[in-house]
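Student: My structure is below; once you've seen it, I'll send some questions.
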């Protein structure tokens with residue numbers, strides 16, 4: 001039994017009924033071929049990183065399924081290539097770590113990567129807005145801290161330097 | 001004779017000491033790299049969207065290969081750009 005994962009992007013210009021129908025077609029196709037669907041993930045509307053067929057958004061779907069033989073893969077791949085409603089597709093065979101990862105992800109054990117400030121909520125869409133929002137927070141936060149850090153060495157510096165001179169002189173005297 | 005801890009240096013003696021790079025996948029036991037998570041993969045590409053070399057990212061060869069594959073899959077699905085500018 002092998003586990004595969006097919007991800008595809010449906011054209012966002014279509015109506016929601018058509019989009020659902022498209023995903024249903026492939027879901028039925030998998031079941032008809034004897035595959036056992038483990039999980040279906042509707043990732044929803046996303047901004048594309050680059051335009052495909054002059055479209056800048058797409059609806060992402062991901063099906064994870066188990067199947068005995070790999071004959072189905074070429075069929076589903078060909079069907080998706082011929083289908084005009086589908087912009088991109090990718091079929092992946094999952095190894096044992098991949099299966100484990102997906103299970104953990106569904107159980108909510110895997111958290112999202114959060115980068116300092118700028119990548120908090122931005123997921124492709126609204127990039128300029130997301131960037132501009134955290135920016136002021138960034139500017140505001142460091143200033144008190146920066147002041148403190150800047151101020152501290154100035155005060156501390158003479159205190160630190162003085163003993164060095166003293167120790168040096170004392171050691172010389174001892175000699 | 002004063003021990004090293006007692007000596008007060010004029011400048012920080014740790015300046016110039018580089019932190020050793022490590023493979024985060026080995027260190028934290030990450031076995032699978034998800035190609036559907038562009039935010040994570042963003043750590044392994046530069047501003048132009050190029051994959052960072054091992055000497056910069058510190059990945060072991062095994063996981064560098066996996067990262068490269070994941071980034072390429074991600075690009076195919078239009079979650080990461082092939083070429084760009086000012087990505088970060």
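The values are calculated or read from the model by the stated rules, or taken from the named source; none is laboratory data. These figures come from a predicted structure and were not determined experimentally. Here the Cβ positions follow ideal geometry from the backbone for every residue, glycine too, while neighbour counts run over all protein chains shown.
Student: In segment A:89-127, which residue that is in a strand (DSSP E or B) and modelled with pLDDT under 75 is nearest to the other protein chains (Cβ to nearest Cβ)? Walk me through it before giving the result.
Tutor: Here is the first cut: in segment A:89-127, the ones in a strand (DSSP E or B) are A:89-93, A:123, A:125.
Going one step further and asking which of them are modelled with pLDDT under 75, we end up with A:123, A:125.
Working: A:123: 7, A:125: 12 Å.
Looking at residues that are in a strand (DSSP E or B) and modelled with pLDDT under 75, I get A:123.
Student: Right, something else. Report, by residue number, each residue of segment A:33-42 that is surrounded by 15 or more Cβ atoms within 10 Å (Cβ to Cβ) and either within 13 Å of chain B (Cβ to nearest Cβ) or under 16 Å from the mean Cα position of the chain (by Cα) (or both).
Tutor: Looking only at segment A:33-42, we keep the residues that are surrounded by 15 or more Cβ atoms within 10 Å (Cβ to Cβ), and these are A:33, A:35, A:38, A:41.
A:41, the sole residue that qualifies.
Student: Residue check: is residue B:82 at pLDDT below 95, surrounded by fewer than 21 Cβ atoms within 10 Å (Cβ to Cβ), in contact with a helix residue (DSSP H, G or I) (Cβ under 6 Å, 6 or more places away or on another chain) and within 11 Å of chain A (Cβ to nearest Cβ)?
Tutor: Numbers: at pLDDT below 95: yes; surrounded by fewer than 21 Cβ atoms within 10 Å (Cβ to Cβ): yes; in contact with a helix residue (DSSP H, G or I) (Cβ under 6 Å, 6 or more places away or on another chain): yes; within 11 Å of chain A (Cβ to nearest Cβ): yes.
Answer is yes for this residue.
Student: Please specify each residue of segment A:1-24 satisfying the condition of being under 16 Å from residue A:86 (Cα atoms) and loosely packed, with under 14 Cβ neighbours inside 10 Å.
Tutor: Correct list: A:13, A:15, A:16, A:17, A:18, A:21, A:24.
Student: Filter segment A:54-76 down to the residues that are surrounded by 11 or more Cβ atoms within 10 Å (Cβ to Cβ) and either within 13 Å of chain B (Cβ to nearest Cβ) or over 20 Å from residue A:38 (Cβ atoms) (or both) and list them by number.
Tutor: A:55, A:56, A:57, A:58, A:59, A:60, A:61, A:62, A:63, A:64
Student: Among B:51, B:7, B:45, B:33, which is surrounded by 10 or more Cβ atoms within 10 Å (Cβ to Cβ), closer than 30 Å to residue A:44 by Cα and within 10 Å of chain A (Cβ to nearest Cβ)?
Tutor: Working: B:51 fails: within 10 Å of chain A (Cβ to nearest Cβ); B:7 fails: closer than 30 Å to residue A:44 by Cα; B:45 fails: within 10 Å of chain A (Cβ to nearest Cβ).
Selected residue: B:33, the only one of B:51, B:7, B:45, B:33 that is surrounded by 10 or more Cβ atoms within 10 Å (Cβ to Cβ), closer than 30 Å to residue A:44 by Cα and within 10 Å of chain A (Cβ to nearest Cβ).
Student: Check off (1) touching a strand residue (DSSP E or B) at 6+ places or on another chain (Cβ under 9 Å); (2) closer than 18 Å to residue A:84 by Cα; (3) surrounded by 15 or more Cβ atoms within 10 Å (Cβ to Cβ) for residue A:29 and give me the number that stays unchecked.
Tutor: (1)
Student: Can you tell me which residues in segment B:10-30 are within 13 Å of another protein chain (Cβ to nearest Cβ) and at positive phi? Full working, then the answer.
Tutor: Of all residues in segment B:10-30, those within 13 Å of another protein chain (Cβ to nearest Cβ) come to B:10-13, B:24-25, B:28-30.
Hit for segment B:10-30 is B:29, nothing else.
Student: Of all residues in segment B:54-75, count the ones that are surrounded by fewer than 16 Cβ atoms within 10 Å (Cβ to Cβ) and closer than 22 Å to residue A:58 by Cα.
Tutor: Summing the residues that are surrounded by fewer than 16 Cβ atoms within 10 Å (Cβ to Cβ) and closer than 22 Å to residue A:58 by Cα in segment B:54-75 gives 1.
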